[in-house]
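The values are calculated or read from the model by the stated rules, or taken from the named source; none is laboratory data. Everything numeric here is computed off the predicted structure, so don't read it as measured data. Heads up, the Cβs are rebuilt from the backbone with ideal geometry, glycines too, and the neighbour counts pull from every protein chain shown.
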């Protein structure tokens, strides 16, 4: 392993651990909420390695616990996780020269925080270094998050309602995503996409299946796209 | 169990669809808009949680979270360190909550 790759791997582990810390309240709460349903603890814990997508794990177990059939469970998860289609498309150009096996492995870890960290690094000025460094960073982030998240949910399921109310941390996750989003805003179109996406999701947050997030994201994409199309005459600087 | 495995498969396919084969690519006219995906989706994740921390949108909940987030973002702007932005943002937020509790407003 070259020094560059080694440093990328340790950066990936470090940055992913920071996110795992921010996820402590949500992971424990999600696990505890799953433990309240009629679904077995083992199945609840298995949602982490199988789905690796917090909100959808919670919903899958709740829908399953309510006695709904297979189709409704899978449909709910598919709708909640539809944003991953966008992540997939967005990362594709950056992963174009990875091997197929590497890209298939990368897809498995493509959750919200992994996408946010990866795209922030891959799109920063000067790029993200060699291919090996990019791969090392991505999988370090993914594996660290995978293990950390799985552990949090497991503890949450096992401890259930015994988790004390401590320092409020609800702001940790949205603030982390805000900080990862800032370097991605490189022009007016990006700013419009983020603002409209955020406000749209806020206004639509009451929709079922967590669809508000997707409604906001699509509104943001359209609004940002209109701005981008209008500024297409100017030379691109990104 | 079958429900979970199928849900996992669907989630994986949603993540993998544009990564597995180089032939399955986003349409050409869409390519230049892809850099907007990060801002739009991450904005949609971040903003509702800041405007309504713990799901509640009210002066007493929203104002401290927004002030904390803005100062956290400013701290990031000067240091380019996510961890510093996070610590400043959470610190300010906790400080404001503590102040509101002391004033008997929370």
Name the single residue, out of those in the range A:43-87 being part of a loop (DSSP other than H, G, I, E, B) and either closer than 19 Å to residue A:205 by Cα or not assigned by TED's automatic domain parsing to the domain that holds residue A:115 (or both), that is modelled with the lowest pLDDT.
A:82
With touching a helix residue (DSSP H, G or I) at 6+ places or on another chain (Cβ under 6 Å) and either at pLDDT 90 or above or within 11 Å of residue A:171 (Cα to Cα) (or both) as the only criterion, which of B:71, B:100, B:42 stands out?
B:71
Could you check how many residues of the range A:99-108 are touching a residue at least 24 places away in the same chain (Cβ under 8 Å) and surrounded by 20 or more Cβ atoms within 10 Å (Cβ to Cβ)?
1
Residue A:96 in contact (Cβ under 8 Å) with a residue 60 or more places away in the chain, more than 30 Å from residue A:44 (Cα to Cα) and either facing another protein chain (nearest Cβ under 7 Å) or not in a helix (DSSP H, G or I) (or both):
no
For the range A:1-27, which positions are crowded, with 21+ Cβ neighbours inside 10 Å and not in a helix (DSSP H, G or I)?
A:23
If you take just the helices (runs of 4 or more DSSP H) that sit entirely in the range B:2-98, which of them hold at least 2 residues that are under 16 Å from the mean Cα position of the chain (by Cα), without any contact (Cβ under 8 Å) to a residue 60 or more places away in the chain and more than 7 Å from every other protein chain (Cβ to nearest Cβ)?
B:59-79
Scanning the range A:119-138 for residues that are modelled with pLDDT of 95 or more and either more than 12 Å from residue A:8 (Cβ to Cβ) or at the interface with another protein chain (Cβ under 10 Å from one of its Cβ atoms) (or both) gives none
Kindly establish whether residue A:38 is in contact with a helix residue (DSSP H, G or I) (Cβ under 6 Å, 6 or more places away or on another chain) and farther than 27 Å from residue A:160 by Cβ.
no
How many residues are at the interface with another protein chain (Cβ under 7 Å from one of its Cβ atoms), surrounded by fewer than 23 Cβ atoms within 10 Å (Cβ to Cβ) and in a helix (DSSP H, G or I) when one looks only at the range A:178-194?
1
